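The values are calculated or read from the model by the stated rules, or taken from the named source; none is laboratory data. These figures come from a predicted structure and were not determined experimentally. Cβ placement follows ideal geometry from the backbone for every residue including glycine, while neighbour counts extend to all protein chains displayed. For the accessible areas, the whole protein counts, side chains as well, though only heavy atoms, and no ligand, DNA or RNA atoms are used. Shrake-Rupley method; radii C 1.70, N 1.55, O 1.52, S 1.80 Å.
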Amino acid sequence: IIIGDGTWVGKNCSIAAINKVHIGKHVLFAGHVHISDHSHGYEDISRPIGPQPLISKGPVIIEDDCWLGFSSEILSGVHIGQHSIVAARAVVTKDVPPYSIVAGNPARIVKQYNPESARWEKITSEKCK
């Protein structure tokens, strides 16, 4: 687990890694954020889930200057681009491009910054890639 300078972590957050979680500089965590690069295996139905091996879809990478809202969840293999915002209670299962706002379960892009207009613009149908 790597946490960059100037990052602030709110109360009751959890970060778990069997592979890698890399959090950039100046990232803001609200309370109760959960980040994990793994989950329990369940494929072998002849065994209880608990002792089955942990599985990972890859590292979690959160670039600089992001804001993770209250009780949001970032799952394994996700890359969040710089200056992006994850709304409260969002569950991020796929990559988030830089300068995007995602919300929902599963999270989808609801706004992106447009450098041509210098404004945050609503996105109506695009999902996280």
(message) Can you give me the long-range amide H partners of residue 3? Hydrogens built in the peptide plane at 1.01 Å from N, cutoff under 5 Å, separation of 5 or more residues or another chain.
(response) 23
(message) Give the separation of the Cα centroids, segment 72-92 to segment 23-38, in Å.
(response) 8 Å
(request) Provide the per residue accessible area, probe 1.4 Å, for segment 74-114, rounded to a whole number of square angstrom. (result) 43 Å²
(message) For semi-axes √(5λ) of the Cα gyration tensor in Å, one of (i) 42, 15, 8; (ii) 27, 17, 12; (iii) 24, 23, 12 was computed from the structure I shared and the rest are decoys. Which label?
(response) (ii)
(message) I need the phi-derived Karplus couplings for segment 58-71: 6.51 cos²θ - 1.76 cosθ + 1.60, θ = phi - 60°, integer Hz, Gly and Pro marked x.
(response) x, x, 9, 10, 10, 6, 4, 6, 9, 10, 9, x, 3, 6
(request) Read phi for every residue in segment 12-18 and hand back ³J(HN,Hα) as whole Hz from Karplus 6.51 cos²θ - 1.76 cosθ + 1.60, θ = phi - 60°, with x for Gly and Pro. (result) 6, 8, 9, 10, 10, 9, 10
(request) Pull up all non-local amide H partners of residue 89: gap of 5 or more, or a different chain, and H-to-H distance under 5 Å with H placed in the peptide plane. (result) 70, 71, 72
(request) Report the longest stretch of the chain that contains none of the GluC sites (Glu not before Pro) sitting in a DSSP loop with at most 12 other Cβ atoms within 10 Å. (result) 44-115
(request) With the full set of protein chains in place, find how many percent of the accessible area of segment 20-129 is carbon and sulfur; take the probe as 1.4 Å. (result) 55 percent
